[in-house]
Every structure is written in structure tokens, then in C-alpha cells.
Amino acid sequence: DGSWWFIDPLGHAMVALGLEHVRMDGFADGAGKRPILEANLKKYGNETNWAAVASARVGEWGFNFLGPGPAEGVKRRNAAHTAIVPLGGLLCYPHLWKDDPERWILPGGGTPCKAMPNVFHPKFAEAFEKTAREWCASQADDPWFVGWYADNELAWWGGRWDTGRTGLFK
């Protein structure tokens, strides 16, 4: 009837209500420490124990969807999941063009929100397609898998907001 629905692994229409980065380790603080990981290890002992509790909570709290970055141990339990495929990011078949100074509009040094590949580069399309095929094939038979986020935190606008760079419009 012209409507689109997410379908869960059991074949039912669903409205996706989710969380992202359901992980035991969290993010590092400015000093490179991982306080969330340390607290979880102290409380649960290991990732297997943490994942059992975390995946149960996802369902108990009414969530049915895991956005990018979920830990392997919480996938395929109570929620459908997604992933990030680095189509234009740092893993995009660098051997095809790694020594080319025109590869990047903003190299970024591996820092999120600072890098921007040269999407107009003649080798970008080939690298993009190879990356997409490889990563998408890895999830092809997973009924809990919903779809991909194409990249995350690329500097489309030209780097951090405070750099004054103009990104794609250099």
C-alpha cells in the first residue's frame, strides 16, 4: 500500500526504537583511560557476563534496535542491529591510492570529524564499490541485521567547525 516497514527477524513489522554503541568499554577519557570499562569489569568480571545483562536490559527497557557500534555479545538477542561501513573513511582500500596526495580533501590524521576523502578522485568509485561489497557480504545472511551507516563523522563541512576550512568547497 505504499508504506515501508522495518521487519524484525520473526517477520513482524516494527517501529525501531534503539540505542547506539551498546558496548562494555565505552569511550576513552582525555587521559586515555576507560572508566566505563573499568567499572564494568569490576561489576561483571568479563564481557560475556556484561553482555547477558546488557542485552536483557535492552529488551526490558523497550528497545528493539541497536544502532552503530554494538558489542558482538549483545547482537542477535533482543534487538535488530546495524553497522558502520567506512566507504569513504580510513579503511577504504588505501592500497589503491594510499600514496596519492590527492586522496584526501582533509587527511585528518585518523581523527573523527577531521578527515574527508576526495570523493571526486578517479579511484574513489572503485575503492567505494569494493569496500561496500566486502562489508555488505559479511552481513548478508544475518536475519537480525537491518542495514548500514555509510561512514560516520566525515568532515563534509571541512573539518572541525572551528578550523575555518571549507571542505568539499575548497
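The values are calculated or read from the model by the stated rules, or taken from the named source; none is laboratory data. The structure presented is a predicted model; accordingly, all values stated were derived computationally and were not measured. Because the Cβ atoms are built from the backbone with ideal geometry, glycine has one as well, and the counts that use them run over all protein chains shown. The protein model used for the area step is the full one, side chains on, heavy atoms only, and it has no ligands, DNA or RNA in it. Shrake-Rupley method; radii C 1.70, N 1.55, O 1.52, S 1.80 Å.
Quick notes on this structure:
- Of all residues in the stretch 13-53 being acidic (Asp, Glu) and surrounded by 13 or more Cβ atoms within 10 Å (Cβ to Cβ), the one that is nearest to Pro68 (Cα to Cα): Glu20
- Within the stretch 114-145, tally of residues that are assigned to a loop (DSSP other than H, G, I, E, B), among the charged types (D, E, K, R) and over 30 Å from Ala79 (Cα atoms): 2
- Qualifying residue in the stretch 59-70 (condition: at pLDDT below 75 and on the phi > 0 side of the Ramachandran plot): no
- Residue count for the stretch 54-83 satisfying the condition of being part of a loop (DSSP other than H, G, I, E, B), open to solvent by 30 Å² or more (accessible area, probe 1.4 Å) and over 17 Å from Ser138 (Cα atoms): 6.
- Qualifying residue in the stretch 5-12 (condition: of a type in the set (A, V, I, L, M) and open to solvent by less than 90 Å² (accessible area, probe 1.4 Å)): no
- Long-range neighbours under 8 Å by Cβ, at least six apart or interchain, first residue over 17 Å from Ala79 (Cβ atoms) and of a type in the set (Ser, Thr, Tyr) within the stretch 42-59, second open to solvent by 80 Å² or more (accessible area, probe 1.4 Å) and part of a helix (DSSP H, G or I): none
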